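J.: Handing you a structure now.
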Amino acid sequence: MEREDQSIEAGTQQSEGRAQLAAPLERRSFLGLLFGVGSVGVTALISIGVASISALLSVPIVRFVLHPLSAKTTETAWSEIGAAEEFSAITIPVKRLMTVEQRDGWRKVISEKSVYVTKGKDGQLRVLSAICTHLGCSVPWIEAKGQFICPCHNGVFAPDGALISGPPPRGLDELETKIEGGRLLVRYQYFRQLVPTKEVIA
Amino acid sequence: MNQSLTTQEGSKLANRSRTSRVFEWFDERTGINKLLGKALDEPIPGGVRFAYIFGSGLLFLFISQVITGVFLAIYYVPSADHAHTTVAYITKEVTAGSFLRSLHSYGSSAVVVVLLLHVLQTFVYGSYKGRRELLWIAGCVLFALMAGMAFTGYLLPWDQKAYFATAVGTNIASEVPLVGEGIKRLMRGGADMGTLTLSRFFVAHVFLIPSVIFFFVAIHIYLFRKAGAAGPISEDPIAPKQKAESFYPRQLLMDLVFSLLLITALSVFSWLVPAELGPKANPSDTQFLPRPEWYYRPMFHWLKFWQGSQSFIGIIVIPTIVIVLFVGLPFIDRKLERRPWKRPVGVIVFALVFLSFVTLGVLSYRDDRRNPAVAAQIAKQRKETEEFMRTPFEPETASSSLAAANIALADPLAAQGKTIFEAQSCNSCHGDGGIGTPAGAKLIGVGAKMSPDQLITVLRQPTAKMAEGGMTPLKWKDDDMKAVVAYLRSLK
């Protein structure tokens with residue numbers, strides 16, 4: 001209220017002042033007309049100006065900040081580990097080193113992971129992570145015994161990855177696979193250790 | 001009473017009184033009303049004018065630079081290894097990144113343009129007169145600080161032109177007698193340009209200079225309010241006599257219209273012609289011709305005239321004279337006469353200096369065009385920049401991945417060791433690439449702690465601590481042992 005009263009007063013003073021300055025003002029600018037609409041109109045115009053400037057500036061900034069929401073920066077891509085038919089005749093698990101490329105913003109992290117290609121009881125190809133579900137050691141295939149045996153605490157797994165004995169809480173983890181154009185693709189993921197169910201670590 | 005009002009009017013009244021109650025609550029605690037009144041009711045002798053918009057315009061542009069700059073820092077990394085990649089990432093990948101970077105990049109040019117207009121207006125109107133020496137000097141300091149912002153910001157993208165322009169820029173400092181070499185080293189963080197130069201420029205650009213600018217903007221505005229608006233050229237700068245008009249609302253509106261125009265022009269320009277990024281700085285490139293931003297072109301061309309033993313005069317003495325004359329203007333020109341035609345000496349000197357700058361700038365561009373070798377090289381650099389802009393963003397490979405991938409290529413013995421390391425299931429407990437697991441220690445960096453002989457010794461006969469962890473004595477052939485040790489030493 002107070003503010004408004006002041007502006008009204010100022011407006012009166014202004015119009016008096018403008019009476020004396022009328023001639024030079026008119027000569028100076030046609031915009032004088034626009035600016036002569038009075039304090040309330042001008043305040044509205046100023047508010048619109050401030051609003052439009054901040055709107056104009058904030059849209060690209062918000063999109064810039066929200067970029068990670070739309071970018072696929074951390075999603076693990078599918079990696080190829082060989083031709084699908086290469087594995088069709090396997091009778092025992094085959095070790096493969098796969099290259100996992102992970103985008104991390106403006107950089108990429110390339111790492112090698114060992115996996116085993118094996119067959120399930122149903123005869124379907126399965127790809128197993130070599131990480132022990134107990135404490136995370138790398139589990140080797142021991143051909144002499146026909147089992148996966150973890151050297152750390154003697155966890156024993158069947159050729160299809162099922163748990164046979166030892167401290168691990170579950171069998172070896174199966175990775176997501178798909179066959180595209182005859183190539184076997186694997187999506188490498190890490191899983192939580194020491195829990196009976198398979199949980200992806202984000 | 002309420003009954004006599006229509007519902008609409010009633011709710012209007014209720015709304016208004018609620019708003020004003022909120023405002024009163026806020027005002028009682030902050031004193032915002034008085035503060036706003038003080039800020040906005042600044043009297044302008046002779047009334048408002050479009051000629052007075054440049055100061056607010058500069059403040060607006062500075063705030064825009066601060067905002068866009070802060071957000072650019074979300075993705076930027078100030079290191080010689082990553083700076084260029086991160087700026088390329090902002091430019092080519094991040095949503096609105098190219099636009100935001102363009103706003104910031106072109107914003108610096110806009111600051112220079114409006115700054116020159118502000119100085120020009122102040123000079124032509126004689127607004128530095130009448131007890132405004134400190135106000136003028138604070139303005140000069142801000143001028144220098146903005147020049148510093150432009151200089152330090154230019155290096156940050158770490159592309160070819162950034163690198164070589166800054167190499168030239170820092171070389172100029174070494175022309176200062178006695179301390180020149182020291183200043184250059186300090187600016188660069190060493191004898192040569194490198195990642196320490198980038199760190200220093202980043203800190204100066206983002207922390208040091210902006211904080212000093214904030215301080216001097218406050219001083220500049222305070223001194224301006226203390227002296228009061230000078231008004232038109234016919235006005236007495238100390239005791240104004242013409243009828244004053246308040247800054248609010250019409251001058252504020254004019255200032256805002258100007259700011260709106262500035263940001264619109266900047267946005268349209270940024271949208272249509274996005275700021276470019278050249279290929280990454282290559283210090284071993286001996287062909288590259290550095291060219292500074294347009295506003296440094298006059299100085300750049302001026303320096304070309306002064307080589308050899310006389311360079312001291314051209315690089316230090318003459319610029320110092322110009323700067324002293326410029327900063328000392330309100331002390332030299334002490335008369336209160338403000339009409340330009342009544343103070344011809346000042347106006348002519350100012351015009352001459354200004355024209356010299358324009359001429360030097362024009363000559364710089366003209367010389368580049370006229371010299372075929374230079375024109376060809378600059379055209380080549382342009383092409384390289386355009387080519388770089390066309391190629392899609394290529395993420396940087398993390399150094400750890402590279403090290404792992406390069407082992408096989410670098411040392412066949414180590415590569416053999418890697419095979420043994422995996423065949424013997426060392427990686428079961430020590431992890432792939434020796435990264436360590438809960439069952440076995442990390443082996444990365446073990447080569448720095450132990451010599452090859454020491455490694456062989458502990459592998460054949462593990463220490464008590466190792467044995468406790470489950471390490472068994474290895475009974476391998478010497479060749480296999482050497483290969484594994486070579487591999488272990490390559491794990492960094």
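J.: Based only on other Cβ atoms within 10 Å, what is the fewest-to-most ordering of B:Arg366, A:Arg183, B:Arg132, B:Arg49?
T.: B:Arg366, A:Arg183, B:Arg49, B:Arg132
J.: Using Cβ contacts closer than 10 Å as the measure, can you line up B:Val212, B:Val112 from fewest to most?
T.: So the ranking, lowest neighbour count to highest, is B:Val212, B:Val112.
J.: Estimate the FRET efficiency between B:Val362 and B:Ile435 by the formula 1/(1 + (r/R0)^6), using the beta-carbon distance for r and 51 Å for R0, to the nearest 0.05.
T.: 0.25
J.: What trypsin sites (Lys or Arg not before Pro) does the range B:427-484 have in DSSP loop regions with at most 10 other beta carbons within 10 Å?
T.: B:Lys475, B:Lys477
J.: With axes computed from alpha carbons, what is the tilt in degrees of helix B:399-410 against the longest principal axis of chain B, rounded to the nearest 10 within 0 to 90?
T.: Approximately 40 degrees, to the nearest 10.
J.: Can you check what the net charge comes to around B:Thr195, using other residues whose Cβ is under 12 Å from the Cβ of B:Thr195 (Lys, Arg +1; Asp, Glu -1)?
T.: Numbers: positive: B:Arg188, B:Arg200; negative: B:Asp81, B:Asp192.
Here the count lands on 0.
J.: If r is the Cβ-Cβ distance from A:Leu125 to B:Val203 and R0 is 41 Å, what FRET efficiency results, to the nearest 0.05?
T.: That pair, A:Leu125 with B:Val203, gives E of 0.15.
J.: Quick check: from the Cα gyration tensor, does the range A:78-187 come out rounded (a/c under 1.5), prolate or oblate?
T.: Oblate, because a/c is 1.5 or more while a/b does not exceed b/c.
J.: Fewest to most neighbouring Cβ within 10 Å: what's the order for B:Phe201, A:Phe148? Mind showing how you got there, number by number?
T.: Working: B:Phe201 24, A:Phe148 27.
Going from least to most buried by this count: B:Phe201, A:Phe148.
J.: Quick one: net charge around B:Ser79, please, counting Lys, Arg +1 and Asp, Glu -1 for every other residue with C-beta under 14 Å from its C-beta.
T.: +1
J.: Between A:Glu176 and A:Glu199, what FRET efficiency comes out of the Förster formula 1/(1 + (r/R0)^6) with R0 = 25 Å and r the beta carbon distance, rounded to 0.05? Provide the component values of the computation, followed by the final result.
T.: Details: r = 14 Å, r/R0 = 0.57.
Working from the Cβ atoms, E equals 0.95.
J.: A further question on this structure: Where does the protein assembly as shown land on Rg/Rh, using Cα atoms and the Kirkwood Rh?
T.: 1.12
J.: What does the charge dipole of the protein assembly as shown about its Cα centre add up to, to the nearest 20 debye, if the Cβ of each Lys and Arg holds +1 and the Cβ of each Asp and Glu holds -1?
T.: Details: 72 positive and 58 negative charges, 275 e Å.
With Lys and Arg at +1 and Asp and Glu at -1, about 1320 debye.
J.: Projected onto the charge dipole of the range B:400-490 (+1 at Lys/Arg Cβ, -1 at Asp/Glu Cβ, origin at the Cα centre), which of B:Pro412, B:Leu488, B:Ala464 gives the Cα projection farthest towards the positive end?
T.: B:Ala464
J.: Another question about this same structure. Could you work out the helix-only [θ] at 222 nm for chain B, with each DSSP H run of four or more residues adding -39,500 (n - 2.57) and the total divided by the number of residues, to the nearest 500 deg cm²/dmol?
T.: Roughly -20500 deg cm²/dmol at 222 nm, from the helical runs in chain B.
J.: Still on this structure, please answer the following. Among B:Ala239, B:Gly139, B:Gly308, which residue has its Cα furthest toward the positive end of the charge dipole of chain B, with +1 on Lys/Arg Cβ and -1 on Asp/Glu Cβ?
T.: Farthest towards the positive pole: B:Ala239.
J.: Residue by residue through the range B:280-287, what is 3J(HN,Hα) from phi via Karplus (6.51 cos²θ - 1.76 cosθ + 1.60, θ = phi - 60°)? Round to whole Hz and write x for glycine and proline.
T.: 4, 3, 10, x, 8, 6, 9, 8
J.: Next up: Treating cross-link reach as a plain straight distance, find the lysines whose alpha-carbon is under 29 Å from the alpha-carbon of B:Lys475, omitting any fewer than eight places away in the same chain.
T.: Hits, sequence-local ones excluded: A:Lys95, A:Lys113, A:Lys145, B:Lys418, B:Lys442, B:Lys449, B:Lys465, B:Lys492.
J.: If each of A:Lys145 and B:Arg29 carries a label point 7 Å out from its Cα toward its Cβ, how far apart are those two points in nm?
T.: 7.1 nm
J.: Among B:Thr95, B:Pro283, A:Gln147, whose Cα lies farthest out toward the positive end of the dipole of the protein assembly as shown, if unit charges sit on the beta carbon of Lys, Arg (+1) and Asp, Glu (-1)?
T.: So the residue we want is B:Pro283.
J.: Now, a different point. Amide H to amide H, which residues 5 or more places from A:Arg183 or on other chains are under 5 Å from it, using H placed in the peptide plane?
T.: Distant-sequence amide H within range of A:Arg183: A:Ala84.
J.: List the aspartates and glutamates whose Cα lies under 15 Å from the Cα of B:Lys477, skipping any in the same chain that are fewer than 8 positions away.
T.: Excluding near neighbours in sequence, the set is B:Asp453.
J.: What spacing in nm lies between the two simple spin-label points modelled at B:Val374 and A:Val65, each 7 Å away from Cα in the Cβ direction?
T.: For the pair B:Val374/A:Val65, the computed spacing is 4.6 nm.
J.: Pairing the Cα long axis of helix B:7-30 with the longest principal axis of chain B, what angle in degrees results, from 0 to 90 and rounded to the nearest 10?
T.: The answer is roughly 70 degrees.
J.: Please give the contour-minus-distance gain from B:Val113 to B:Leu36: 0.36 nm per residue of separation, less the Cα-Cα distance, rounded to one decimal in nm.
T.: 24.7 nm
J.: Can you work out the Karplus-derived ³J(HN,Hα) for every residue in the range B:379-386? Use 6.51 cos²θ - 1.76 cosθ + 1.60 with θ = phi - 60°, whole Hz, and x for glycine or proline.
T.: The phi angles translate into 5, 5, 4, 4, 4, 4, 5, 4 Hz.
J.: On a 0 to 90 degree scale, rounded to 10, what angle separates helix B:344-370 from the longest Cα axis of chain B?
T.: For helix B:344-370, the angle is close to 40 degrees.
J.: If you don't mind, there's one more thing I want to ask. Under a cut-off of 23 Å between alpha-carbon atoms, report the lysines in cross-link reach of B:Lys241, not counting same-chain residues fewer than 8 places apart.
T.: B:Lys38, B:Lys129, B:Lys226, B:Lys335, B:Lys342
Just so you know, all these numbers are worked out from the coordinates, no wet-lab data involved. All values derive from a computational prediction rather than experimental measurement. All Cβ positions, glycine included, derive from the backbone under ideal geometry; neighbour counts span all protein chains shown.
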